[in-house]
1. Looking at region 100-118, which of its residues are farther than 25 Å from S45 by Cα, within 8 Å of ligand 2 (Cβ to nearest atom) and surrounded by 12 or more Cβ atoms within 10 Å (Cβ to Cβ)?
2. Filter region 67-99 for residues that are crowded, with 20+ Cβ neighbours inside 10 Å and assigned to a helix (DSSP H, G or I); which is modelled with the lowest pLDDT?
3. How many of the residues in region 74-103 are in contact with a strand residue (DSSP E or B) (Cβ under 9 Å, 6 or more places away or on another chain) and at positive phi?
4. Does R120 count as assigned to a helix (DSSP H, G or I) and within 16 Å of ligand 1 (Cβ to nearest atom)?
5. Of all residues in region 166-186, which are assigned to a loop (DSSP other than H, G, I, E, B), buried (at least 17 other Cβ atoms within 10 Å of the Cβ) and within 15 Å of the chain's Cα centre (by Cα)?
6. Can you tell me which residues in region 100-113 are modelled with pLDDT of 95 or more and in a helix (DSSP H, G or I)?
7. If a residue must be surrounded by fewer than 17 Cβ atoms within 10 Å (Cβ to Cβ) and within 13 Å of ligand 1 (Cβ to nearest atom), how many such residues does region 201-217 contain?
8. Considering region 187-207 alone, what residues qualify as being over 13 Å from the mean Cα position of the chain (by Cα) and part of a helix (DSSP H, G or I)?
Amino acid sequence: MVVIKNLVKEYNTGHGKVTALKGINLRVREGEIFGIIGPSGAGKSTLIRTINLLEKPTSGEIYINGVRLTSLKGKTLRKKRQKIGMIFQHFNLLNSRTVRGNISFPLEIAGVPAVEREERVERLMELVGLGDRADHYPSQLSGGQKQRVGIARALANNPDLLLSDEATSSLDPESTESILNLLSRIREEMNLTIILITHEMEVIKQICDRVAVIEGGKIIEEGKVIDVFASP
Ligand code: ADP
Ligand code: ADP
């Protein structure tokens with residue numbers, strides 16, 4: 001479903017070149033929760049931003065359902081970007097908009113007609129358990145509730161793929177647990193493919209099927225979670 005081939009990303013800085021990704025190869029299956037774990041500076045954000053079409057790779061290819069992302073331009077690129085949902089460590093909600101308004105936002109951008117938009121927003125609020133918070137602003141929500149809004153917003157355009165960038169890193173253990181449970185449930189219900197990056201092994205152990213360990217811009221290990229993190 002997601003195929004990454006020889007992905008290289010170089011940044012030009014004032015002090016020369018930094019190679020953030022040094023030839024990444026990955027295959028993520030449909031309906032799988034795939035974890036990418038590694039220390040700070042390993043290249044995790046660069047990888048996820050490249051899959052999300054926010055960064056252009058220096059070389060290499062990314063395919064989603066057989067479509068080569070690296071060759072897309074203009075309108076097709078924007079359309080494809082709408083089919084990749086993303087959730088963030090700091091939620092990235094609009095403070096001036098309510099829960100309903102935040103979830104509606106990507107639908108407005110995609111030009112979904114108002115009636116259908118409202119229907120979808122209602123359904124998404126129910127899905128993530130925020131039906132009774134529709135008119136609250138982000139400042140009136142807990143961290144866990146904010147991330148539920150983030151998840152609903154990411155799902156609004158029925159994405160092919162959900163990317164999670166340290167989505168539980170600023171949550172307390174209880175909220176982390178409930179967000180991970182929500183992601184598992186959504187995966188089951190929608191057969192959604194999820195790529196999740198984290199620096200926390202517990203997150204990987206709790207919900208991922210397979211994991212890749214990234215270090216210095218390279219995948220140094222990959223496999224089923226139970227094989228990569230063998231019990232002592
Ligand atoms: P991680 O998410 O695992 O912490 P990053 O992808 O943020 O890793 O960073 C990987 C490497 O690329 C680091 O050496 C980082 O300093 C460098 N890097 C990331 N973004 C940029 C950028 N915009 N410009 C220059 N170097 C960058
Ligand atoms: P704003 O101040 O930006 O209008 P709101 O959260 O009140 O903030 O509304 C933002 C967007 O939410 C509106 O543009 C509209 O598309 C959508 N919206 C408003 N009411 C509803 C509703 N009942 N159901 C679904 N979406 C709604």
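The values are calculated or read from the model by the stated rules, or taken from the named source; none is laboratory data. Model, not experiment: these values are computed from the prediction. Glycine also receives a Cβ, built like all others from the backbone with ideal geometry; neighbour counts cover every protein chain displayed.
1. Of everything in region 100-118, those that are farther than 25 Å from S45 by Cα, within 8 Å of ligand 2 (Cβ to nearest atom) and surrounded by 12 or more Cβ atoms within 10 Å (Cβ to Cβ) turn out to be R100, G101, S104, L107, E108, R117, E118.
2. As a first pass, look at region 67-99 and keep what is crowded, with 20+ Cβ neighbours inside 10 Å: 69, 84-87, 91, 93, 99.
Adding the requirement that they be assigned to a helix (DSSP H, G or I) leaves 69, 99.
On the way: L69: 87, V99: 98.
Top of the filtered list is L69.
3. The qualifying residues number 1.
4. Considered against the rule, which asks whether it is assigned to a helix (DSSP H, G or I) and within 16 Å of ligand 1 (Cβ to nearest atom), R120 comes out as no.
5. Correct list: E166, A167, T168.
6. R100, G101, N102, I103, S104, F105, P106, L107, E108 - these are the residues of region 100-113 that are modelled with pLDDT of 95 or more and in a helix (DSSP H, G or I).
7. Summing the residues that are surrounded by fewer than 17 Cβ atoms within 10 Å (Cβ to Cβ) and within 13 Å of ligand 1 (Cβ to nearest atom) in region 201-217 gives 2.
8. From region 187-207, those over 13 Å from the mean Cα position of the chain (by Cα) are 188-191, 199-207; that's our starting set.
Within region 187-207, E188, E189, M190, M201, E202, V203, I204, K205, Q206, I207 qualify.
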